[in-house]
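Single-structure report; data block below.
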Amino acid sequence: MATELLYKQPKTLLNKGTGFLSGYSHSLNPYTGCSFACSYCYVRQMPVSIFRKKEWGTWVDIKQGAAELLRKELLRAKAKGPVTIFMSSSTDPYQPVEYKEQVTRSLLEVMVQEQPDFLLVQTRSPLVRRDMDLLRELGNRVRVSLTVESDLDEIRKRFSPAAPPIAARLKTLELLKEAGIPAQAAIAPVLPSSPEFPKKLKKVVDRVCVDDYFMGDGSGGKRTRKLGISSLYEEQELEEWYNPSAWRIVYDRMKTVFSEEQVLLSQQGFEP
């Protein structure tokens, strides 16, 4: 299904960090909507999706003039105190439309010139490797958090078929590491994975964050339950993985190859 692209002129880009992102001064979303359309995405239950009256994943708003607007807002914010930015909270900054529109790249160019105190780039797309030149210029002020919910691509295909393959994400983490760009694997949400998952991550990253629906959807799992995700687990006889304690399976496995300090849990793993 083709994604409906709409061009919008935003009045603001930087939003105050609240709730799960209260450790940040601001959140920043280069787009509204996300064509990856992951089945479990909590944004499906948020106003930005509910009031649109169109299926989440079928439309994307492209924010025009975003770089110029960010420059103005960033200068104002920096004059008031430390600026820490989470990009992005309700869309993927490297979804397919970014190949052509390059809104995210234009925002990074601004942030290289007017550097925030810290920037976290949250994505599940290998396209982030295109911008390694800019990310490298931010040094220790940036961290790329690349979602790798599972090491099993058949699981990825069942839960988020439009999202990039797992192998491409692991390769991207490897390239980021080689480039000296701070990065982590975000196992968020925890999906069924193999006992070999930790060893695969250990080769490409030295920091992981484990999060699940119940800790990470901002409502104790209520938003996710409304999506009926449990039926996906039932169909595949994977009910043990849809459980408030399922994260422990992955967390404990990770700690067999990573040190205590390298395995972070939920909100802690996403903070500056």
Of all residues in region 81-108 being in a loop (DSSP other than H, G, I, E, B) and among the hydroxyl-bearing types (S, T, Y), the one that is farthest from T18 (Cα to Cα): Y94
How many of the residues making up region 58-69 are surrounded by fewer than 18 Cβ atoms within 10 Å (Cβ to Cβ) and either of a type in the set (S, T, N, Q) or touching a strand residue (DSSP E or B) at 6+ places or on another chain (Cβ under 8 Å) (or both)? 3
Quick one: T91 ticks every box in (1) within 19 Å of A2 (Cβ to Cβ); (2) free of Cβ contacts under 8 Å to residues at least 40 places away in the same chain; (3) β-branched (V, I, T) except a single one, so which number is it? (2)
Go through K72, K157 for me and flag whichever is over 30 Å from E234 (Cα atoms), without any contact (Cβ under 8 Å) to a residue 40 or more places away in the chain and either surrounded by fewer than 16 Cβ atoms within 10 Å (Cβ to Cβ) or not charged (D, E, K, R) (or both). K72
Any idea which residue in region 8-57 is modelled with the lowest pLDDT, counting only those that are crowded, with 20+ Cβ neighbours inside 10 Å, over 14 Å from P93 (Cβ atoms) and of a type in the set (F, W, Y)? Y42
Among R136, R143, R130, the single one that is over 17 Å from Y213 (Cα atoms), in contact with a strand residue (DSSP E or B) (Cβ under 6 Å, 6 or more places away or on another chain) and either assigned to a helix (DSSP H, G or I) or modelled with pLDDT of 95 or more (or both) is R143
When residues of region 160-200 are limited to those that are under 19 Å from E261 (Cβ atoms), of a type outside the set (V, I, T) and within 17 Å of the chain's Cα centre (by Cα), the one surrounded by the fewest Cβ atoms within 10 Å (Cβ to Cβ): P182
Region 214-233, subset closer than 18 Å to S150 by Cα and either at pLDDT 90 or above or small (G, A, S) (or both), residue surrounded by the fewest Cβ atoms within 10 Å (Cβ to Cβ): S230
Test D117 against the criterion of being closer than 30 Å to L69 by Cα, surrounded by fewer than 22 Cβ atoms within 10 Å (Cβ to Cβ) and not hydroxyl-bearing (S, T, Y), and give yes or no. yes
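The values are calculated or read from the model by the stated rules, or taken from the named source; none is laboratory data. Keep in mind it's a predicted model, so treat the numbers as computed, not measured. Because the Cβ atoms are built from the backbone with ideal geometry, glycine has one as well, and the counts that use them run over all protein chains shown.
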